[in-house]
Amino acid sequence: MADGDAVGDAGADLPRLPLREPLSDLVNTPASLQETVDALGRGQGPVAIDAERASGYRYSPRAYLVQLRREGSGTALIDPTEFDDLRPLDAAIGDTEWILHAATQDLPCLAELEMRPQRLFDTELAGRLLNLARVGLASLVQELLGYSLAKEHSAVDWSRRPLPEPWLEYAALDVEVLIELREVLGQRLEASGKLGWAQEEFDALRTFSGPGARLEPWRRVSGIHRARGRRSLAIIRELWLARNDIAAAADTSPSRILHDSAIMEAAIDVSTTARPVRSLPGMRSRNARRNLDRWAQAVAVALALPEDQLPTVTPRYEGPPPARGWPDRDPEAAARLAASREALRAIAADHDLPAENLLAPDYVRRLAWEPPSPLTPDAVAAVLLRLGARGWQITLTLPALTSALTALPPANNLG
């Protein structure tokens with residue numbers, strides 16, 4: 001589990017969160033899995049669940065460790081690489097509530113193991129709905145439970161075998177207090193009148209399967225803003241595609257195959273000086289040299305492309321273009337967006353919510369760019385439902401949002 005928040009200095013004065021019982025053996029045989037299934041079935045109450053991936057090391061987002069904790073059954077650490085799937089575990093949990101932190105990170109890899117919740121509680125999302133300043137797991141444990149939580153192994157290679165004992169202890173601690181944390185957050189949500197909102201959010205999360213595919217994922221190469229024209233962009237695209245194919249086949253993080261800086265170096269130098277790819281400094285690393293012929297071939301393809309097959313300077317978008325260009329391209333849409341954002345900020349402040357949790361910014365941009373016609377509350381509500389807005393969000397925002405969508409740009413007074 002990654003923890004995106006920096007923990008405050010006050011955490012240094014708090015007691016370190018301990019394990020409540022000795023670390024259990026790794027579950028990696030059919031017999032030990034059955035014992036775990038039986039134990040969890042005998043437990044009571046919700047189940048705390050976490051998964052560890054090997055981000056930064058592997059191409060695949062699969063889980064390399066699954067941790068579970070339930071009252072009456074203790075903590076189990078399961079090596080999913082030893083099993084085809086974890087359906088028996090999923091069946092044992094049944095309709096028990098799952099407690100996860102940042103559920104969108106773990107639900108896709110758990111679904112690959114045939115584990116899908118029927119009910120869940122996301123402690124990170126609960127913290128966001130409560131408008132807490134920091135919602136990383138370590139921060140919530142520190143603020144709400146009074147413990148410091150070690151995070152020094154959050155970025156290790158979980159595909160490594162055998163897993164060192166300190167890593168396993170770290171992983172066990174990630175589910176150690178999720179049940180208590182859920183209780184505190186649940187009480188705060190109820191006291192603030194937000195528990196119903198949270199339950200709608202959690203229910204919508206149950207079938208989350210990961211972010212949608214990007215139209216042009218190669219444009220995420222770091223430093224791409226330095227590209228010099230369409231030919232340079234073509235080199236970036238072809239090198240990215242070659243790197244992605246190699247990384248997928250080897251199940252290795254793309255950055256370990258060829259760093260973004262090497263792609264950008266090739267895009268800039270080769271497109272302007274025709275310098276051979278093999279002579280570039282970024283191609284001297286051991287991993288880059290292993291595929292020099294592939295990189296040279298990718299660059300050759302990019303250099304040979306006719307003009308009409310070169311990528312455009314402006315990215316393609318699914319949905320509205322970037323809002324920064326709206327004032328010139330469509331002043332009326334820009335006025336609608338500004339008015340909508342201002343109205344939503346006011347509603348969010350009144351209800352002590354982050355604006356992005358009140359209503360997804362993408363929904364607001366889509367409505368402002370192309371509002372329904374005729375512009376009625378029912379039509380706006382229908383668009384929001386189609387986009388995925390929850391009932392509580394529509395109830396809170398519909399009147400103000402409908403009004404804001406009628407905004408016109410200020411008059412251009414030239415004097």
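Of note:
- The residues of segment 384-405 that are buried (at least 16 other Cβ atoms within 10 Å of the Cβ) and either charged (D, E, K, R) or closer than 20 Å to ALA335 by Cα (or both), listed by number, are LEU384, ARG390, THR397, LEU398, ALA400, LEU401, THR402, ALA404, LEU405.
- Residue in segment 179-198 that is more than 30 Å from ILE347 (Cβ to Cβ) and surrounded by fewer than 22 Cβ atoms within 10 Å (Cβ to Cβ) present: yes
- Boolean, GLU21 is modelled with pLDDT of 95 or more and in the same structural domain as VAL135 (by TED's automatic domain parsing): no
- One residue from ALA333, ALA339, ALA348 being within 30 Å of THR397 (Cα to Cα), hydrophobic (A, V, I, L, M, F, W, C), in contact (Cβ under 8 Å) with a residue 60 or more places away in the chain and surrounded by 13 or more Cβ atoms within 10 Å (Cβ to Cβ): ALA339
- Where helices (runs of 4 or more DSSP H) fall entirely within segment 27-129, those with at least 1 residues that are over 23 Å from LEU189 (Cα atoms) are at 30-42, 87-93, 103-112.
- Every residue from segment 209-240 that is more than 24 Å from LEU292 (Cα to Cα) and of a type in the set (A, V, I, L, M): ALA213, LEU215
- Residue match in segment 313-329 (condition: in a helix (DSSP H, G or I) and of a type in the set (Asp, Glu)): yes
- Residue list for segment 269-313, restricted to those being closer than 17 Å to ARG237 by Cβ and surrounded by 19 or more Cβ atoms within 10 Å (Cβ to Cβ): ASP269, VAL270, SER271, VAL277, TRP295, ALA298, VAL299, ALA302, PRO311
- Within segment 52-63, none of the residues are more than 18 Å from TRP158 (Cβ to Cβ), at pLDDT 95 or above and out of contact with any Gly (no Cβ under 7 Å at 6 or more places or on another chain).
- Among the criteria (1) surrounded by fewer than 23 Cβ atoms within 10 Å (Cβ to Cβ); (2) touching a His at 6+ places or on another chain (Cβ under 8 Å), the one LEU137 does not fulfil is (1).
- Residues in segment 245-263 that are in a helix (DSSP H, G or I), under 21 Å from the mean Cα position of the chain (by Cα) and of a type in the set (Ser, Thr, Tyr): 1 in all.
- From the list ALA242, ALA234, the lone residue that is over 30 Å from LEU110 (Cβ atoms), touching a Lys or Arg at 6+ places or on another chain (Cβ under 8 Å) and in a helix (DSSP H, G or I) is ALA242.
The values are calculated or read from the model by the stated rules, or taken from the named source; none is laboratory data. Since we're looking at a predicted model, the values are computed, not measured. Please note: Cβ atoms are built from the backbone with ideal geometry, for glycine as well, and neighbour counts cover all protein chains shown.
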